[in-house]
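J.: Got a structure for you, written out below as structure tokens; questions coming shortly.
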Amino acid sequence: MNPGGGMILALETSQRTSWVALGPVLLESHCDAITSESIDTQNRLVEDVLPAIQRLCARANITRDQIGAVALNSGPGGFSGLRIAHAAAQSIAESLSIAIVQVSAAVVARQSAVLAGRMDANQIAWVALAAKNDGCWMAKVRQPSQGNDDPEHVGVRTFQQWPVESGEILIADEHLPVQWKERAAKLNIDIVALEPTAEAVLHVARRMLACNRTVAPQFALPVYPREAEAVRLWRERHGTA
């Protein structure tokens, strides 16, 4: 893979509001060096990712060969949005012979909240996504250190497995079950709205690139919160582990 390009292209399509962003690879680069462009994903029949990237590059006066890596929110998130972003990232990375940086949705959520000033940079966040019945996909995210941008304790938890402690933050979307909201209020735990941004993806990608944490395009796959229903039913019928 060619690491020579000086810019990162970041994609954030995991939720209804979607963006692409361009910024320098270097960690010391300032936030104002990042340019972003909105994506029309309200209508999933309109695939605006590649046109948005073209508009973004034109605005930033960047050519394709100046892009050294593609970064994206790997999920969990919206099924269509994740698939479209991964397909676009793979196409671009393969055509330019560059690597992909996959950032966990939980890490993107925390970084977005920090950049927006909704939580302190040193606070621990629990991110709750993909609520179903009384359970949520959850992950714990600390302040990154020494290039560590991995979530902890990742998995689906029920209400009875509530993990958030006093002083920690809960980041969640509007689908967080009512009983989870009530528990947070009772424990005086702040709930921060899930609002992931491409800028946050780019910030995390810089740190990961500095540690050579990339994947080849063919190995970049979306992360889903639960096993697909069709797969689960097939296993139950055929008795496979």
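J.: Looking at 87, 113, 130, 99, which is the one that is among the aliphatic types (A, V, I, L, M) and crowded, with 24+ Cβ neighbours inside 10 Å?
T.: On the way: 87 fails: crowded, with 24+ Cβ neighbours inside 10 Å; 130 fails: crowded, with 24+ Cβ neighbours inside 10 Å; 99 fails: crowded, with 24+ Cβ neighbours inside 10 Å.
The unique qualifying residue is 113.
J.: Take residues that are over 24 Å from residue 13 (Cβ atoms) and tell me which of the strands (runs of 3 or more DSSP E) falling wholly in the range 151-200 contain 3 or more.
T.: 152-158
J.: Taking the range 179-212 on its own, how many of its residues are more than 20 Å from residue 22 (Cβ to Cβ) and modelled with pLDDT under 95?
T.: Total meeting the criteria: 2.
J.: Next up: Against the condition in the same structural domain as residue 222 (by TED's automatic domain parsing), at pLDDT below 95, touching a helix residue (DSSP H, G or I) at 6+ places or on another chain (Cβ under 6 Å) and assigned to a helix (DSSP H, G or I), how does residue 84 come out, does it pass? So that I can check it myself, show each step before the final result.
T.: Details: in the same structural domain as residue 222 (by TED's automatic domain parsing): yes; at pLDDT below 95: yes; touching a helix residue (DSSP H, G or I) at 6+ places or on another chain (Cβ under 6 Å): yes; assigned to a helix (DSSP H, G or I): yes.
In short, yes.
J.: Confirm whether residue 41 is modelled with pLDDT under 85, surrounded by 21 or more Cβ atoms within 10 Å (Cβ to Cβ) and not charged (D, E, K, R).
T.: On the way: modelled with pLDDT under 85: yes; surrounded by 21 or more Cβ atoms within 10 Å (Cβ to Cβ): yes; not charged (D, E, K, R): yes.
Yes: the conditions hold for residue 41.
J.: Can you say whether residue 179 is in contact with a helix residue (DSSP H, G or I) (Cβ under 7 Å, 6 or more places away or on another chain), surrounded by fewer than 19 Cβ atoms within 10 Å (Cβ to Cβ) and of a type in the set (S, T, N, Q), as far as the supplied structure shows?
T.: Yes.
The values are calculated or read from the model by the stated rules, or taken from the named source; none is laboratory data. This is a predicted model, so every value here is computed, not measured. Heads up, the Cβs are rebuilt from the backbone with ideal geometry, glycines too, and the neighbour counts pull from every protein chain shown.
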